[in-house]
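Down below is the structure, laid out as C-alpha cells.
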Amino acid sequence: VGRLILVLGDQLSDDLSALREGDPTTDTVVMAEVQAETDYVLHHPKKIAFLFAAMRKHAARLRQAGWTVRYTTLDDPENSQSIPGELLRAAEATGAAEVLATEPGEFRLISALEDAPLPVHMFPDDRFLCSHAEFEAWAEGRKELRMEWFYREMRRKTGLMMEDDKPAGGKWNYDHDNRKPPKDGLDAPGPMRFTPDETVEEVLDLVRARFGNRYGRLNDFWFATEPGQARRALSHFVKRSLPLYGDYQDAMVAGEPFMFHAMLSPYINAGLLGWREVCKAVEDAWKAGEVPINAAEGFIRQIIGWREFIRGVYFLEGPDYTARNVLGHDRDLPEFYWTGETDMACLRECVRTTMDEAYAHHIQRLMVTGNFSLLAGISPAQIHDWYLRVYADAYEWVEAPNVIGMSQFADGGVVGSKPYVSGGNYIARMSDYCKGCAYSVKEKVGDRACPFNLLYWHFLDRHRARFQSNPRMAQMYRTWDRMEADRRGAVIAGGDRILARLDAGERV
Ligand code: FAD
Ligand code: DLZ
Ligand code: SF4
C-alpha cells in the first residue's frame with residue numbers, strides 16, 4: 001500500500017522535500033481547497049483565488065510528471081473542509097496508513113498535523129537558504145539578533161555578489177543610497193499582468209460566489225498563477241524596475257502602488273519561484289552592467305537577509321510569539337483599515353491599494369499602516385490579524401515577525417532594536433500624499449495638525465520609561481524635553497483627542 005503526500009497551498013514547488021521522499025508509482029499526492037484554510041483568518045479573495053488557481057495548475061503539472069494526485073475542490077460535496085479531514089478521507093479511499101509532509105509555515109497547521117488521526121512524517125522545508133538548526137546555531141549566545149550580521153553570513157554562504165571573501169564593491173550594504181524621495185515624472189512600469197485563462201476564470205467564479213462579500217476586491221485579477229508566468233514576471237521586474245529599485249525603494253506616490261517594487265513575494269512564498277533563481281537573475285543583471293550595485297545588493301539583501309532572518313525568528317521564538325504585547329497596547333483596530341474612509345490621505349491611499357490589489361509595498365506597510373497602528377496603541381493581535389488577512393503574500397511565518405516584531409515592537413526588540421515610529425515629516429518627505437490631505441503636516445498642534453505629528457510625541461511620552469535610555473532614541477527625548485511645557489501639553493491633548501475619536505468610532 002502506498003502512502004499519502006500532502007502538498008499545501010504554499011508548497012507549490014517542484015522540488016519539495018515530501019515529494020522527494022515519495023514514490024510516484026505507489027504514493028498519492030493529496031491537495032485540498034478547504035474552508036479551514038480560507039477562514040482561519042478571512043483572507044482577501046484575491047489571495048484565495050491566486051492560491052486555488054496556482055494549486056489546480058500545480059496538481060495538473062504533478063499528474064503530468066507521473067504522480068497520482070487526489071485533489072479536492074472547495075465545492076466538492078464530500079469535502080471535509082480541513083486538511084487533516086482530507087488526509088483521513090484519502091487514507092480511507094486508498095488504504096494508505098501514513099502521510100509524508102513538508103513542514104507547514106505556521107504552528108497552527110504543524111500542531112494540526114501532529115494531532116492528525118494518522119501518522120504524519122514531517123520533513124524540513126528546505127526551500128529556504130537557512131535551516132532551523134543553522135539559525136538556532138547563529139542565534140545561540142547572541143545578546144541581540146541583528147539582521148545585518150546574519151545577512152553577511154548568508155552572503156558568504158551563497159557567494160552572491162562576493163569577490164573572493166569580500167563583498168562586491170567593498171561594502172556589504174548600500175542602503176544609504178536607497179532613500180531617494182520621489183520626484184515628478186517618475187514612470188514606474190509596474191508588475192507584469194496576466195490575463196486570466198480558463199482555470200483562473202473557473203476559480204474566480206468559485207471565489208466570487210463563496211467569498212465575494214468579504215473584505216477585498218476580486219475584480220481585475222492579474223497575478224501569475226504558474227511558474228512560467230512567475231518567471232516572466234521576474235524577468236520583467238529585473239529589466240524594467242530593478243534599475244531604479246534601490247533609489248526609490250522607500251518612495252511612495254499616490255496612484256502608484258508598486259513603484260519600482262517586484263511584486264514577487266506572493267509567487268516566492270507559494271513556491272512558484274525559488275530564492276536562488278530570483279537572486280541569480282538579479283546578480284546576473286548587475287554583472288552584465290544593467291543595474292547599479294545599490295539596486296542589486298538592496299534586493300538580494302531583502303531575500304537572503306530579511307526574508308530568511310524573519311523566518312528564523314518565527315521558528316526560534318515559538319507559538320506564543322503572535323500573542324506578545326510588551327507595550328500593553330489594547331485599542332481596537334480602527335474601522336478605516338477595512339474601508340479606507342479616513343481624512344488622512346496617506347492611510348486612505350495605502351488601505352485602498354491593499355483592498356484593491358492585496359498588496360502594498362514595504363514602506364507603506366511599515367511607515368504608514370504599521371506606524372499609525374503603533375503610534376495609536378492598537379492591539380498587536382488585531383493588527384496581526386489584519387496583515388495576515390489582507391496581503392496575498394501573508395503566511396504566519398513571514399507576517400508575524402514583520403508585524404509583531406518589526407512593525408509593532410510587541411516582541412520587545414527581538415526583530416528591531418528600536419520601534420519604527422515617525423511623525424508626518426517622514427511621510428511628507430518620502431511621498432506626495434500630504435498634498436491631498438485634510439490635515440497639514442506642517443502643523444504640530446491644533447485641529448488640523450497631522451495626527452502622526454501628535455501621536456508620535458504621545459507615543460514617546462507614554463512609553464518614556466521603556467525607551468528613553470535607548471541610545472538610538474535619546475535625541476528624540478531631548479528634543480521633546482526642550483519643547484515648552486505649554487506646547488508639550490497641547491501636543492498631548494491633541495493626541496488624546498485623536499485617540500478619543502478613534503475610541504468613539506468617529507472619523508479621523
Ligand atoms: P520588493 O521590495 O520588490 O522585493 C523584495 C523581496 O524581498 C520580496 O518579494 C520579499 O520576498 C522579500 N522581502 C523583503 N522584505 C522582507 C521582509 N521584511 N520579510 C520577508 N521578506 C521580505 N512579506 C511577506 O512576504 N509576507 C508578509 O505577510 C509580509 N508582511 C509584512 C508586514 C509588515 C508590517 C511589514 C513592514 C512588512 C511585511 N512583509 C511581508 C515584507 C515586505 O513588505 C514584503 O515582502 C514586500 O512588500 C513584498 O513586495 P515586493 O515583492 O514588491 O517587494
Ligand atoms: C492560505 C491558504 C488558503 C487560503 N487556502 C488553502 C487551501 O485551501 N488549501 C491549502 O492547502 N492551503 C491553503 N492556504 C495555505 C495554508 O494556509 C498554508 O499552507 C499555511 O498557512 C502554512 O503556511
Ligand atoms: Fe498622512 Fe499627515 Fe501627510 Fe496627512 S498630513 S498625508 S495624515 S502624513
The chain: calculated mean residue ellipticity at 222 nm from DSSP helix runs of at least 4, using -39500 (n - 2.57): -12500 deg cm²/dmol
I'd like the accessible area for residue 149, computed on protein heavy atoms only with a 1.4 Å probe and all protein chains in place. Round to 10 Å², please. 130
Where the only charges are on Cβ atoms (+1 Lys, Arg; -1 Asp, Glu), what is the dipole of the stretch 4-123 about its Cα centre, to the nearest 20 debye? 460
How much of the accessible area of the chain, probe 1.4 Å, is carbon plus sulfur, in whole percent? 48
In the structure displayed, which of 46/157; 143/444; 171/239 lie more than 32 Å apart, Cα to Cα? 46/157; 143/444
Just to confirm, what accessible area per residue do you get for the chain at 1.4 Å probe, in whole Å²? 41
Residue 478-residue 149 FRET efficiency (beta carbon distance; Förster radius 35 Å; 0.05 resolution): 0.75
Using only the alpha-carbon atoms, how far is helix 308-317 inclined from the longest principal axis of the chain? Give it as 0 to 90 degrees, nearest 10. 90
Taking a ≥ b ≥ c as the square roots of the Cα gyration tensor eigenvalues, with a/c under 1.5 meaning rounded and otherwise prolate when a/b beats b/c or oblate if not, the chain comes out prolate
Expected sort for 47-56, 26-35 on mean C-beta neighbours within 10 Å, highest first, is 47-56, 26-35
Does the stretch 336-503 classify as rounded, prolate or oblate by the C-alpha gyration tensor (a ≥ b ≥ c root eigenvalues; a/c under 1.5 gives rounded; else a/b over b/c gives prolate, otherwise oblate)? oblate
For a test of the definition: using alpha carbon positions, the gyration tensor, and the 1.5 limit on a/c, classify the stretch 4-123 as rounded, prolate or oblate. rounded
Picking from 94, 170, 135, whose Cα lies most toward the positive end of the charge dipole for the chain (charges on Cβ: Lys, Arg +1; Asp, Glu -1)? 170
Placing +1 on each Lys and Arg Cβ and -1 on each Asp and Glu Cβ in the chain, then taking the dipole about the Cα centre, the residue among 262, 216, 295 whose Cα reaches farthest towards the positive end is 295
For labels at residue 164 and residue 464 in the simple 7 Å Cα→Cβ model, what's the distance in nm? 5.4
Ranking 383, 459, 480 by how far each Cα lies towards the positive end of the charge dipole of the stretch 336-503 (+1 on Lys and Arg Cβ, -1 on Asp and Glu Cβ), the top one is 480
Relative to the chain, whose Cα atoms define the longest principal axis, helix 83-94 and its Cα axis are tilted in degrees, nearest 10, by 10
Of the chymotrypsin sites (Phe, Trp or Tyr not before Pro) in the stretch 266-373, those whose Cβ has at most 16 other Cβ within 10 Å and which sit in DSSP loop: none
Can you tell me the alpha carbon radius of gyration of the stretch 130-240 divided by the globular rule-of-thumb value 2.2 N^0.38 Å? 1.61
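The values are calculated or read from the model by the stated rules, or taken from the named source; none is laboratory data. Worth saying up front: this structure is predicted, and the values here are computed from it rather than measured. Virtual Cβ from ideal backbone geometry, glycine too; neighbours counted across all protein chains shown. We work out accessible area using only protein heavy atoms, side chains counted, and drop any ligands, DNA or RNA first. Shrake-Rupley method; radii C 1.70, N 1.55, O 1.52, S 1.80 Å.
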